[in-house]
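First up is the structure itself, then whatever we jot down about it.
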Amino acid sequence: MANNVLTRAFDNDWIGPALVSVFAIAIISFFQPSFLTPFNIFVLLSAIAVNMLVALGQLVIIGVGQMNLALGSIGGLVAISFGAMMELWGFPPVVAIVCGLLIGAAAGMASGFVIAGTGISAFIITLAGLQIFKGINLGITEAQPFYGIPQGVKDFGNLSLIGPIPWLVVPTIIASIAVWYLFARLRIGRYIVAIGGNRNAAELSGINVNATVIWAHAISGLLAAAAGMMLVARLQLGHPTIGDDWLISSFAAPVIGGAILAGGHVSVPGTFFGVVIIAIITQALVVFAIDPFVVQIVLGGLILWAVGINRLREVRVSKLLGQKA
Amino acid sequence: MTAALLVSQVSKSFPGVRALDDVSLTLSVGSIHALLGENGAGKSTLIKIITGIHKPDKGEVLVNGTVVHLANPRQAGAAGIGVVHQERNLIPRFSIAENIMLERLGQHDLSVINYDHMHAEAAKWLKLLDLDVDCRMPVSRLSVAQMQLVEIGKALSLQSRVLLLDEPTASLTENESKVLFRVLRKLADDGVALCFVTHKLEEIFEICETVTVLRDGRNACESQPLKGLVRADVVKMMIGRAERISQRAPRPKPDAAPYLELQGYASAAGHSKISLAVRPGEILGLYGLVGAGRSELAKGILGMTRRTAGEVLVAGQPTNIGSAADALHRHGIGYVSEDRKQEGLILLHSVLGNVGITVWRKIAASFGFLRDQTVIDHTSPVLRQLEVKTPSIHQIMGNLSGGNQQKVSVAKWIAADVKLLIIDEPSVGIDIKTKAYLHDLIHELAAQGTAVLLITSDMPEMLDVADRIVVMAGFEVRGEVENDRNYERVSRVIMGYIHERKAA
Amino acid sequence: MTPSDTTNTSDAMPVAADRQSLMQRLAFSSEFGLVLLIALAVVIFASTLPGFTSPFSLFTIGRQIGIDTMIGLAMMAVIVTGGLDLSVGAIGVCSAMAFGWMMESAGIPLYLGIPLAVLFGAGLGLLNGAVVVRSGVHSFIITLASMSIFFGIMIFLSQAQAFRAMPPEVLGFGKMRFGGLVSALLVFSIVVCAVLSALYRFTSLGRQMLAAGANPRAAEISGVRTGRVFIACHMLTGALAAIAGLMITARTGAAVPSMAGHLGQDWLLPAFLAPVLGGTLLSGGRVAVFGTFLGAALVNIITSGLLLMRVGEFWIQAFLGLMLLAAVLTDRARHKLLQRQGMI
């Protein structure tokens, strides 16, 4: 029985990152009480809201055992399309949002289609996708941002819902619950993880692997699109460089949250705390006036650390199993 | 009564190999059938045909008297044929219930999974299988035996009336096997037709009613009742009589000190108390059925698995071989793998790139500089000696026939001038002429003073080539016999060693 | 005809079979196709675009080909193992910045600084390789992390400031041209191609790299220390990335932190495009050194042509992505062909 509790604790992905988050907040606010001012909390939550969507977009693809390098460029493409639709064509925000989501899903689906159809590694296909989507983005904008963002959209990105809680968290909460539900309750979500866990077995069980892979990429594109548009709201302009710096953090958060890169295991709460840890560290560097580029070093270190921990945990679990057998 | 599954005169060829030749098999309702045969006898090809992975060139498969054409594993499943493969086909992090019900999680992609219904369904199967665990537990927490039962449950839940089990007991303890057998018996009594593939002969006498033995792609016997047969009969069918009684006279016994000696060797792979010695100029056979731990022992000698106890002596000196590179470059030990494609050769590269790999380091000039011509000069005598047939030394390895590939995988070690050569199943997938040639070659090598450790499950081959035979079973050495080329006597002694129950 | 038939009959007529396979090999070789495509592109652009053949245009195209070749070779050296290195750009920039610091701040002589910078790159590659081999984790995630770490440390130390005080020889080398049109950087990259070809063809280490990449288990059993060999591949990647960084420094006359974009990501596309176009197998074990050069050449010739045709610079980026897609599809087709012939 004790064994069982132990394995369960090891299996639980989010407790570790959650404890680290709480611990980090406690330490930082002890040395720098201003860390927990309403304004700082607002900034922190806004960053978490956007980055969580980015991380979820990668999480879906990690679940199926692949990777999506084009996540940022899809987000960027949707961000400028969103700006263009409102500034140039005068689309009402709601219509523009729907179109933006569709563009993101279609772009993701296109990658998924090529990957499933050719069997070429997702890495190289999404690298090509990255370049293509980025090229279209720059070709349209000629590297100039769209400034004509309606006030309502700007407000959504910068006003608070209650107290220090920004409006931006609303779509993130909805998306997080939706992705959690997808992986926990919906057939397609279970199939995604099944393929990541044991592709051969999934195929033998009659799961349509190709269709599922395409769906996963479409969902990933959808989430990237949402993140891109939220950044437009937050920055108050449709900047062509949106998404350029998503790559590292999109992998870091799920991996810190215990996702196995080979696929077959994802954790939405774990990913959430992964995002929180990254946001706290980034924010702390600002608060302590440390060079913001240190974030890069810390992020890289966190990935290595998390990969190491995840591996260790696998070894520990299999050892416990070994004792039982 | 019509057979639940009838395989009728099936033939299947692959480029250069006839894998199955007119093979038949009958599974009847409510009985457990054993499918036996040594490696390369055609068992796996037959299973692949029954499960729709391969299409037969000739012959038919009938389920309940109706001809079925199985184009893929899905169709085999739909025809009521369930399989439990040797490799685990479960999603490790999924619950037992979800694994069993994976095909039926919902009608369409956006279906919401009804976990209560799923658990109730799965629990029924677990109960049938006497598996007393919570079906919400992830399968990664189960023992191998329990996973096996889950896979059986999964196959049964798809209304399978025919169930193929490919070496289900390979990684089970004796007690776990007993539990499995009880379940299988119960299933058979419920009207399932079972086909059981194994290398453990004791087991078939324990639970099977009929047996089919394959040898060299043919039926050595077809769906024969096991009643009235004894173990020796089955073994005889599996390994066959000597095609030719060896003409070779016993060779003079070398009296040099052993080149390699294992004393009480044990390894992380599971070997224990292995003691053997092989002298320069001697051919030591290592006989055992598949799964006896012979190839694993070879890799242990190469330092690829950790030694946990005992001593390894090379030329009388206790040594610790840390890697295959150590084994080759320091001690002159080479290994011809049974798995030519994965471990023996680099099919993507040329003949030259393969035959020279063992000597590059040795023959390179300063700064590792090495011209093709240097490699050719060093290796072409060996290639000529072995009569490797290739249009050019630059030919891609994958284009050569099996026999020539095997010659190259031996040639690279001869080129490296090894002092001890371990040869694992030298005649898998090669023609008879090359096989005879390889046997002569092994003798020639020994005559030149090389110590040879020959691993084979092919009894006639063993008797033709080896001077002395060490018998292994269950990762242990069971005994040793001098090969006087008296087929009856030596094979009887060997079989005696293999089947002698461990005095517990 | 099955493969084994070929070999059995070929016994009687070894010469004919050899010639057939040579013809086959030539027809299927990516180099041959690339030369044709390059010739076609040059003819079309030269006859329709007046500025295309001007000495300066040829000089700049050649210079860029030289740099892209080096970036491609850097990635090729690790693709050999069946892995990849996302941090090539970061290593390139870090090495260039280290070189800049040695020139401007440390006062190290030029001809000592160059080898030190290359060694520095190899050292970063060594870190990657050691972690990948020791941990057994795929090189993707390890180099993703190291890319962030290397780049972050570099920016932190340099405060994102460029080193512009270079010895005049540096810029001089970047501007040097032979016969008024051939860039020294192009010539240099061809020399490096020749050296690498020699490595893979004429040295024990190079052969071991290819063998270990094609089939690590077989290579290991045959006495190749695959772990060490893989680390050597990563070191070679690091050294070549450093050289590419130095070549860009020579072109611009300064070591600039942003020369490979954020985290060095801008190198990723040329790094994969050239070797894949050139016929390097992504699954490892087969390289195409001059193919990589030809791949880089084709890409840059087409890019320059399109630029002269006033296709927007940004659309060309999208076009390069499509080209990578086309290249991997060809790679896949070739792989299938090899498989059918039983070589894999």
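List of remarks:
- Neighbours by Cβ (under 7 Å, 6+ apart or cross-chain): first from segment B:92-118, free of Cβ contacts under 8 Å to residues at least 40 places away in the same chain and more than 8 Å from every other protein chain (Cβ to nearest Cβ); second surrounded by fewer than 16 Cβ atoms within 10 Å (Cβ to Cβ) and among the basic types (Lys, Arg): B:ALA97/B:ARG136
- One residue stands out among those in segment B:396-419 that are in a loop (DSSP other than H, G, I, E, B) and within 12 Å of chain C (Cβ to nearest Cβ): the one that is nearest to B:PRO280 (Cα to Cα), which is B:VAL418.
- Among residues that are within 14 Å of chain B (Cβ to nearest Cβ) and touching a helix residue (DSSP H, G or I) at 6+ places or on another chain (Cβ under 8 Å), A:GLY197 is not included.
- Contact map, segment A:142-164: residues that are within 14 Å of chain C (Cβ to nearest Cβ) paired with residues that are part of a loop (DSSP other than H, G, I, E, B), Cβ distance under 8 Å, separation 6+ or inter-chain. Pairs shown: A:GLU142/C:GLY312; A:ALA143/A:PRO240; A:GLN144/A:PRO240.
- Segment A:168-188 - residue that is more than 9 Å from every other protein chain (Cβ to nearest Cβ) and either among the acidic types (Asp, Glu) or in contact with a Leu (Cβ under 8 Å, 6 or more places away or on another chain) (or both) and, of those, nearest to B:GLU98 (Cα to Cα): A:VAL179
- Residue list for segment B:420-457, filter: out of contact with any Leu (no Cβ under 8 Å at 6 or more places or on another chain), in a loop (DSSP other than H, G, I, E, B) and either crowded, with 21+ Cβ neighbours inside 10 Å or basic (Lys, Arg) (or both): B:GLU425
- Enumerated strands (runs of 3 or more DSSP E) restricted to segment B:21-91, each holding at least 2 residues that are in contact (Cβ under 8 Å) with a residue 12 or more places away in the chain and out of contact with any helix residue (DSSP H, G or I) (no Cβ under 7 Å at 6 or more places or on another chain): B:58-63
- Subset of segment B:51-97 that is closer than 30 Å to B:MET137 by Cα and of a type in the set (Lys, Arg) - its residue that is farthest from the chain's Cα centre (by Cα): B:ARG93
- Screening A:PHE251 on (1) buried (at least 24 other Cβ atoms within 10 Å of the Cβ); (2) within 13 Å of another protein chain (Cβ to nearest Cβ); (3) in contact with a Gly (Cβ under 7 Å, 6 or more places away or on another chain); (4) of a type in the set (A, V, I, L, M, F, W, C) shows it passes everything except condition (3).
- Candidates C:LEU268, C:LEU329, filtered to the one that is under 27 Å from A:ILE136 (Cα atoms), under 15 Å from the mean Cα position of the chain (by Cα) and facing chain A (nearest Cβ under 10 Å): C:LEU268
- Answer residue from segment A:153-170, given it is touching a helix residue (DSSP H, G or I) at 6+ places or on another chain (Cβ under 6 Å) and assigned to a helix (DSSP H, G or I) and is modelled with the highest pLDDT among those: A:VAL169
- Of the residues making up segment B:397-408, those that are in contact with a strand residue (DSSP E or B) (Cβ under 9 Å, 6 or more places away or on another chain) and either charged (D, E, K, R) or crowded, with 23+ Cβ neighbours inside 10 Å (or both) are B:MET397, B:GLN406.
- Qualifying residue in segment A:69-88 (condition: within 14 Å of chain C (Cβ to nearest Cβ), in a loop (DSSP other than H, G, I, E, B) and surrounded by 19 or more Cβ atoms within 10 Å (Cβ to Cβ)): yes
- Flag if C:SER189 is buried (at least 24 other Cβ atoms within 10 Å of the Cβ), part of a helix (DSSP H, G or I) and either of a type in the set (S, T, N, Q) or facing chain B (nearest Cβ under 9 Å) (or both): yes
- Scan of segment C:158-182 for residues that are in contact (Cβ under 8 Å) with a residue 40 or more places away in the chain and either within 16 Å of C:ALA260 (Cα to Cα) or assigned to a helix (DSSP H, G or I) (or both), ordered by number: C:SER158, C:ALA160, C:GLN161, C:ALA162, C:PHE163, C:GLU169, C:VAL170, C:LEU171, C:PHE173, C:GLY174
- Close contacts from segment C:225-245, counting a first residue that is hydroxyl-bearing (Ser, Thr, Tyr) and a second that is crowded, with 23+ Cβ neighbours inside 10 Å and part of a helix (DSSP H, G or I), with Cβ to Cβ under 6 Å and a gap of 6+ residues or different chains, come to C:THR226/C:ALA212; C:THR226/C:ALA219; C:THR237/C:ALA74; C:THR237/C:ALA77; C:THR237/C:VAL78; C:THR237/C:GLY125.
- The lone exception for A:GLY197 - which of (1) modelled with pLDDT of 95 or more; (2) closer than 16 Å to B:ILE100 by Cα it fails: (1)
- Residue ID - surrounded by the most Cβ atoms within 10 Å (Cβ to Cβ), chosen from residues in segment C:68-109 that are touching a Cys at 6+ places or on another chain (Cβ under 8 Å) and either without any contact (Cβ under 8 Å) to a residue 40 or more places away in the chain or among the hydroxyl-bearing types (Ser, Thr, Tyr) (or both): C:THR69
- Residue in segment A:95-116 that is surrounded by fewer than 24 Cβ atoms within 10 Å (Cβ to Cβ), within 20 Å of A:ASP244 (Cβ to Cβ) and either more than 12 Å from every other protein chain (Cβ to nearest Cβ) or in contact with a Cys (Cβ under 8 Å, 6 or more places away or on another chain) (or both) present: yes
- Within the set B:VAL150, B:VAL112, B:VAL192, B:VAL183, the sole residue that is loosely packed, with under 15 Cβ neighbours inside 10 Å and touching a Leu at 6+ places or on another chain (Cβ under 8 Å) turns out to be B:VAL112.
- Sole residue being at pLDDT 80 or above and more than 16 Å from B:LEU454 (Cβ to Cβ), chosen from B:ILE301, B:ILE274, B:ILE283, B:ILE245: B:ILE274
- All of A:GLY163, A:GLY206 fail the test of being farther than 22 Å from B:ILE96 by Cβ and either surrounded by fewer than 21 Cβ atoms within 10 Å (Cβ to Cβ) or out of contact with any strand residue (DSSP E or B) (no Cβ under 9 Å at 6 or more places or on another chain) (or both), apart from A:GLY163.
- Here segment A:276-300 is the region considered, the condition is being under 16 Å from the mean Cα position of the chain (by Cα) and within 17 Å of C:LEU144 (Cβ to Cβ), and the residue that is modelled with the lowest pLDDT is A:LEU299.
- Scan segment A:253-287 for residues that are out of contact with any Pro (no Cβ under 9 Å at 6 or more places or on another chain) and over 19 Å from A:VAL22 (Cβ atoms) and the total you get is 6.
- Candidates in segment C:210-250 are the residues that are in a helix (DSSP H, G or I) and touching a strand residue (DSSP E or B) at 6+ places or on another chain (Cβ under 9 Å); of these, the one that is nearest to B:ALA327 (Cα to Cα) is C:ILE221.
- The requirement of being at positive phi and within 14 Å of chain A (Cβ to nearest Cβ) is not satisfied by B:GLY42.
The values are calculated or read from the model by the stated rules, or taken from the named source; none is laboratory data. Note that the structure is predicted; figures quoted are calculated from it, not measured. FYI the Cβ positions are ideal-geometry reconstructions off the backbone, even for glycines, and counts take in every protein chain you see.
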